[in-house]
Amino acid sequence: MKIPFKLSEDTFDKKEVNAVKNILNNNEKLTYGRYVKKLEKKIALLNNRKYCVMTNSGSSANLIGVASIFYSQKFDLKMGDEVIVPSLSWSTTYSPLIQFNLKLVFVDININSLNLDEDLIEKSISKKTKAIFAVNILGKSNNFQKLNKICKKYNLILMVDNCESFLSKYRNQISAKYGVFSTLSSFFSHHFSTIEGGYFLTDDFNIYCTALSLRSHGWIREQPKNSKLIKKKYSNFERSYKFILPGYNLRPTEINAVIGLEQVKKVKKFIENRKKNAKYFYELFKDCKNVNIIEYDNESSHFAFVIILKKNIRNKIVNLLSKKGIETRPIVSGNILNNEMLKYSKYRIGSKIDNVKVVEKKGIMIGNRSNLFNNIDREALIYIKKTIETN
């Protein structure tokens with residue numbers, strides 16, 4: 001008999017369905033418009049940021065984030081400069097850096113948090129190092145006290161990929177508040193869902209203006225009146241199709257936004273449920289001798305759960321769980337250095353990378369969810385534990 005346990009689940013109900021029906025039935029504009037702007041304000045407020053630019057994905061938010069720094073006169077970031085990155089993350093943390101011909105400097109992770117090992121960063125810095133792109137992995141925040149100290153000492157730009165850690169905190173401060181910019185995702189499997197969606201967050205007005213332009217073709221149409229990007233006056237006719245940056249089209253739709261406006265009403269409850277599920281998971285696995293689990297953090301938003309096997313039996317365990325209907329995944333990218341995408345990049349390895357190699361070979365990720373675990377979910381977790389203990 002199978003015990004179904006999925007990585008994620010749909011959290012929509014009639015409110016989301018009705019919101020979509022209403023916008024369709026009322027014959028309203030469906031491309032980017034007023035509902036997106038309304039959701040941007042709510043996301044900025046939730047994350048204690050001044051400005052938010054919604055995009056079609058968290059990956060796109062990373063792209064306009066890196067691009068905004070690159071095109072900004074305030075930050076001296078240019079092709080060939082180095083950016084310190086963790087050796088574990090999603091591919092599109094790295095892709096924008098590669099696309100702007102920046103050199104990646106890989107640093108190992110802390111095995112207890114899966115985030116950048118801050119104690120290895122300083123030894124990885126060279127004269128060409130200009131930035132750190134920190135990633136809050138699976139709901140767990142970096143040690144921003146250490147990161148900010150390093151950035152101040154070496155005059156580095158701090159960028160934060162917070163796509164897996166919506167409403168997580170570090171020392172009671174929202175994680176997305178850190179960095180010159182931070183990014184979020186509302187993809188289906190994340191803490192709240194707009195089907196597809198992402199968010200660029202900043203407190204810097206000029207970076208915000210740059211991101212607005214980059215999101216929509218590089219044009220000036222949406223620029224605030226006091227934007228420094230516009231050097232001369234244009235008529236309303238000219239503003240429609242006047243381009244100042246080599247931008248993209250990364251806009252979300254109003255359908256994504258109206259779903260998001262319903263989802264954000266529930267998101268704090270979703271996070272609360274995830275934390276309750278996490279307490280059950282950690283209590284269950286605390287005495288499991290054949291695994292290591294990352295340290296419990298009450299300020300985490302618990303995107304998913306990590307199991308690191310002590311024995312080299314991952315394939316066997318994954319196959320046994322799959323036969324029972326229990327979904328598993330590698331822990332994010334595993335060791336990103338083992339992915340062929342890097343053949344298109346310039347990089348160096350700034351530190352030992354022993355911990356990410358362990359994650360690559362022995363790590364398993366299982367899902368958390370925004371609804372409370374039920375009896376079947378608990379049965380599945382008990383089965384996972386017993387399967388590991390008996391093999």
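The values are calculated or read from the model by the stated rules, or taken from the named source; none is laboratory data. Values in this document were obtained by computation on a predicted structure and should not be read as measured data. Backbone-built Cβ (ideal geometry, glycine too); neighbour counts: all protein chains shown. Each accessible area value is taken on the protein alone, full model and side chains, heavy atoms only, with ligands, DNA and RNA left out. Shrake-Rupley method; radii C 1.70, N 1.55, O 1.52, S 1.80 Å.
Here are a few things to note about the model shown:
- This model, with +1 at the C-beta of Lys and Arg and -1 at the C-beta of Asp and Glu, gives the range 87-178 a dipole about its Cα centre of some 440 debye.
- Carbon and sulfur %, accessible surface of the range 206-347 computed with the full protein complex present, 1.4 Å: 49
- For the chain, share of DSSP beta bridges that run antiparallel, in % to the nearest 5: 50
- Listed by chain and number, the lysines whose C-alpha is less than 25 Å from the C-alpha of LYS29, apart from same-chain residues fewer than 8 away, are LYS14, LYS15, LYS21, LYS37, LYS38, LYS41, LYS42, LYS225, LYS242, LYS265.
- In terms of the mean number of neighbouring beta-carbon atoms within 10 Å, the peptides 184-191, 129-136, 323-330 order highest first as 129-136, 184-191, 323-330.
- The rule of thumb for compact globular proteins, 2.2 N^0.38 Å, goes into the C-alpha radius of gyration of the range 75-198 1.02 times.
- Listed residues SER213, VAL291, LEU229: farthest to the positive end of the dipole of the range 208-363 (Cβ charges): LEU229
- Dipole size of the range 17-118 about its Cα centre, with +1 on Lys/Arg Cβ and -1 on Asp/Glu Cβ: approximately 880 debye, rounded to the nearest 20.
- Top of ASN226, ASN155, ASN371 by mean-square fluctuation, Gaussian network on the chain, Cα under 10 Å: ASN226
- Computed about its Cα centre, the charge dipole of the range 146-203 is approximately 540 debye, with only Lys, Arg, Asp and Glu carrying charge at their Cβ.
- Secondary-structure-derived ellipticity at 222 nm for the chain, considering helices only, amounts to -11000 deg cm²/dmol, per-run term -39500 (n - 2.57) for DSSP H runs with n ≥ 4.
- When the chain is treated as a GNM with alpha-carbon contacts under 10 Å, the residue of ASN47, ASN143, ASN312 showing the greatest mean-square fluctuation is ASN312.
- Solvent-accessible area per residue, Å², over the chain with all protein chains present [probe radius 1.4 Å]: 46
- Highest-fluctuation residue, ASN206, ASN236, ASN368 considered, GNM on the chain with Cα pairs under 10 Å: ASN236
- The relative contact order of the range 52-123, computed from alpha carbon pairs under 8 Å that lie at least 6 residues apart in sequence, is 27 percent.
- Relative contact order (%) - criterion: Cα under 8 Å, at least six apart; region: the range 89-228: 14
- Over the chain, equivalent-ellipsoid semi-axes from the Cα gyration tensor in Å: 36, 28, 16
- Cα long-axis angle, helix 14-25 against the chain (0 to 90 degrees, to the nearest 10): 30
- Cα gyration tensor category, rounded, prolate or oblate, for the range 6-142 with a/c compared to 1.5: prolate
- Across the options MET159, THR194, THR129, the greatest Cα extent toward the positive end of the charge dipole of the range 119-225 (unit charges at beta carbon of Lys, Arg, Asp, Glu) belongs to THR129.
- For the range 155-205, carbon and sulfur atoms together expose 52% of the accessible surface, with a 1.4 angstrom probe and every protein chain in place.
- In degrees, nearest ten, helix 58-71 long axis to first principal axis of the chain (Cα): 50
- Against the main long axis of the alpha-carbon atoms of the chain, helix 34-46 sits at an angle near 60°.
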